[in-house]
1. Among N133, N172, N191, whose mean-square fluctuation peaks in a Gaussian network model of the chain (Cα, cutoff 10 Å)?
2. Can you tell me the Rg and Dmax of segment 1-150, counting just the alpha carbons, in angstroms?
3. Who wins for biggest fluctuation among L63, L245, L55 in a Gaussian network model of the chain, springs between alpha carbons below 10 Å?
4. Mark the label point 7 Å from the Cα of I288 along Cα→Cβ and return the residues of segment 34-59 whose backbone N is within less than 14 Å of it.
5. Add -39500 (n - 2.57) for each DSSP H run of 4 or more in the chain, then divide by its residues: what number comes out at 222 nm, to the nearest 500 deg cm²/dmol?
6. Expressed as a whole percentage, what fraction of the accessible surface of the chain belongs to carbon and sulfur atoms when a 1.4 Å probe is rolled over the protein heavy atoms?
7. Pick from A125, A223, A300 the residue whose mean-square fluctuation is largest in a GNM of the chain, springs joining Cα atoms under 10 Å.
8. Round to the nearest 10 and give me the degree value, 0 to 90, for the angle of helix 231-259's Cα axis relative to the longest principal axis of the chain.
Amino acid sequence: MQGANFTKVTEFILIGFSTFPHLQLMFFLLFLLMYLFTLLGNLLIMATVWKEHSLHTPMYLFLCALSISEVLYTFAIIPRMLADLLSTHRSIPFKACASQMFFSFTFGFTHSFLLTVMGYDRYVAICHPLRYNVLMSLRGCTCLVAWSWAGGSVMGLVVTTAIFQLTFCGSNVIHHFFCHVPPLMKLACGNISTVAMGVGLVCITALLGCCLLILLSYAFIVAAVLRIPSAEGRHKAFSTCASHLTVVVVHYGFASVIYLKPKGPQSLEGDTLMGITYTVLTPFLSPIIFSLRNKELKEAMKKTFLSKLFLHSS
């Protein structure tokens, strides 16, 4: 309405866990333990790859970059969430909310782009093994990682700019535990359908594009592996993809639930519990999957850390 007096919003109130008043301490302890485990798992992967020279290959370079993006993604959301679980005053300044959205989208999409790059790496290793060292040179791998980070930054900037150029008026209560797009758009004034459609289209196109590229890579991988005559050779080829494929299924499985769910009335409890899957649970599972399902990494961890631990204790 032209000429109406709107109160400019300077801060937001996050009420994501307000519907679970008696469970907040339990949630705090559970999420703190999961967050610490996520940090420890990713730092352990990075340290193992750094120390073990046999792991200085493109696949583990990408895994290190993936671990870094995961640490930064969780750092953008979880510490604030943990503080709010122990606090009665859950306000977040306008600029801090914009920063949180930017970093969560930047590192979240960087993660998706890196998973796509890892799929391409497995495709080259299995389908073009003789050209692997040329196609996946150090310079080429560095460029792929750099482009993944650049792409994530562009996504974060585009989404955050689109949302925070809107006018917020009236209520400043965000029905979530962090500054997420859908609950923020509900607080915007005026006609926001164009922005909503644009942001949704950009996010879904990027996610589906990455997902389709990974599926295409694995279609070629499966075709190549099935041509291997020996069962042992087929098993060895598939085993190098197992951990990556499992993480992809988990990552895109939860992402599809969030971005492709039918539009309709959704309870605050449902939004909160759904949000936990991709902010806490997925990052928690990722280092476990890579550590347990990647035999080479698991052996390197035992060699690098457990042997030293036993050496010091004896």
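The values are calculated or read from the model by the stated rules, or taken from the named source; none is laboratory data. A quick note: this is a predicted structure, and the numbers were derived from the prediction, not measured. No Cβ is skipped: glycine too gets one built from the backbone with ideal geometry, and neighbour counts run over all protein chains shown. All accessible areas refer to the heavy atoms of the entire protein, side chains included, with ligands and DNA or RNA removed. Shrake-Rupley method; radii C 1.70, N 1.55, O 1.52, S 1.80 Å.
1. Among N133, N172, N191, the largest mean-square fluctuation in the Gaussian network model of the chain belongs to N191.
2. 20.8, 69
3. Of the options given, L55 has the highest mean-square fluctuation.
4. Correct set: 34-42.
5. -24500 deg cm²/dmol
6. The nonpolar share, carbon plus sulfur, comes to 71 percent.
7. A223
8. 0 degrees
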